[in-house]
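Written below as structure tokens is the structure these notes are about.
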Amino acid sequence: MIDLELELLNDQDHRLVHVQEEPALEIALPQVFVQPELAALQRGRLPNVEAAVAQIFRRCRANPEAPLGPEYQELVTEFQPLFTWTIACWDYLLSTEGCRFLPRHGELRAGARGDYRAVTDKDYSRMVHAIFRQCVLEFAQQPEALSLGQWLRERLWPRILEAYRRLENPPDPRQRILTPYSYLRCVPYQFLNDFHHELVYSTAKRLPPPEWAAIDAYFLHFYTEPASADAMGCSVEELLARLRQGLRTLLLNDRLVYCLLRQIERY
């Protein structure tokens with residue numbers, strides 16, 4: 001959060017007032033689950049897994065948009081124990097990595113305030129299947145790789161973990177990473193209370209244009225400091241100076257508006 005120090009003048013003396021930042025919230029996490037062991041990788045009922053993979057790859061190369069065919073469904077069935085294990089890891093992943101968010105699209109935005117929704121177990125299942133498919137097609141292009149089972153054992157879970165962690169990055173690279181409060185996040189930011197919303201916008205827009213533009217980019221659009229500076233055509237140092245000046249003015253003249261803006265940094 002932006003550090004802010006103010007020098008307030010009154011009739012008797014000069015006082016240096018340091019605005020104390022709110023301490024980071026300590027979110028009570030649920031029980032941390034232990035990741036289950038991968039006991040069985042596949043059923044062992046498909047006679048030649050590698051031949052099936054070769055057939056799947058030929059079909060995909062001939063028509064990348066077409067379904068992968070019955071051989072792929074047989075492969076999924078063969079590795080059902082692996083899928084069962086990955087789904088059993090959902091609680092472990094959620095409790096160790098925390099919640100992640102996905103953008104709302106189309107009808108999901110109807111009646112919803114935020115631009116994001118929490119990742120669910122169904123989203124996670126779709127992610128697992130997509131990464132499995134990717135691993136199968138990559139294995140088909142590696143002539144030195146002898147066993148699909150070993151290929152999956154070494155790569156599937158690390159890629160699931162990597163893909164899940166990447167979800168903290170918003171689609172817009174100019175914005176700050178998503179947080180446990182990002183279900184409240186919308187661009188431009190909209191306050192839950194209409195009175196607060198109108199108060200903040202009407203008050204902040206009365207600031208000098210450079211200060212209002214800095215607040216709009218950093219707080220109301222969640223831009224990082226470098227992205228906010230780029231949007232304004234200035235250096236990061238100039239951006240921070242404008243933010244501090246605008247926040248000082250708001251703190252002195254309307255503390256509620258100042259506090260409402262500062263809370264956005266959590267999102």
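Just a few scattered comments:
- Check on R165, over 23 Å from E238 (Cα atoms), in contact (Cβ under 8 Å) with a residue 12 or more places away in the chain, of a type in the set (D, E, K, R) and crowded, with 19+ Cβ neighbours inside 10 Å: no
- Within region 62-118, the set of residues being under 18 Å from C186 (Cα atoms) and in contact with a Cys (Cβ under 7 Å, 6 or more places away or on another chain) comprises R113, G114, D115, A118.
One line per residue, one yes/no per condition, for (1) modelled with pLDDT under 95; (2) buried (at least 18 other Cβ atoms within 10 Å of the Cβ); (3) assigned to a helix (DSSP H, G or I):
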| position | (1), (2), (3) |
| --- | --- |
| L192 | yes, no, no |
| I215 | no, yes, yes |
| C234 | yes, no, no |
| L251 | yes, yes, yes |
| L260 | yes, yes, yes |
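- Criterion (farther than 26 Å from A39 by Cβ and not aliphatic (A, V, I, L, M)) met by exactly one of C186, C135: C186
- Search result, residues across region 108-162 that are closer than 22 Å to P180 by Cβ, among the aliphatic types (A, V, I, L, M), without any contact (Cβ under 8 Å) to a residue 60 or more places away in the chain and part of a helix (DSSP H, G or I): L108, M127
Residue-wise test of (1) over 19 Å from C89 (Cα atoms); (2) out of contact with any Leu (no Cβ under 7 Å at 6 or more places or on another chain); (3) hydroxyl-bearing (S, T, Y).
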residue: G114; (1), (2), (3): yes, no, no
residue: A118; (1), (2), (3): no, yes, no
residue: D121; (1), (2), (3): no, yes, no
residue: G149; (1), (2), (3): no, no, no
residue: W157; (1), (2), (3): no, yes, no
residue: P170; (1), (2), (3): yes, no, no
residue: R174; (1), (2), (3): yes, yes, no
residue: L178; (1), (2), (3): yes, yes, no
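The values are calculated or read from the model by the stated rules, or taken from the named source; none is laboratory data. It should be emphasised that the depicted structure is a prediction, and the values quoted were computed from it without experimental measurement. Cβ sites come from the backbone with ideal geometry, for glycine too, and all protein chains shown count toward neighbours.
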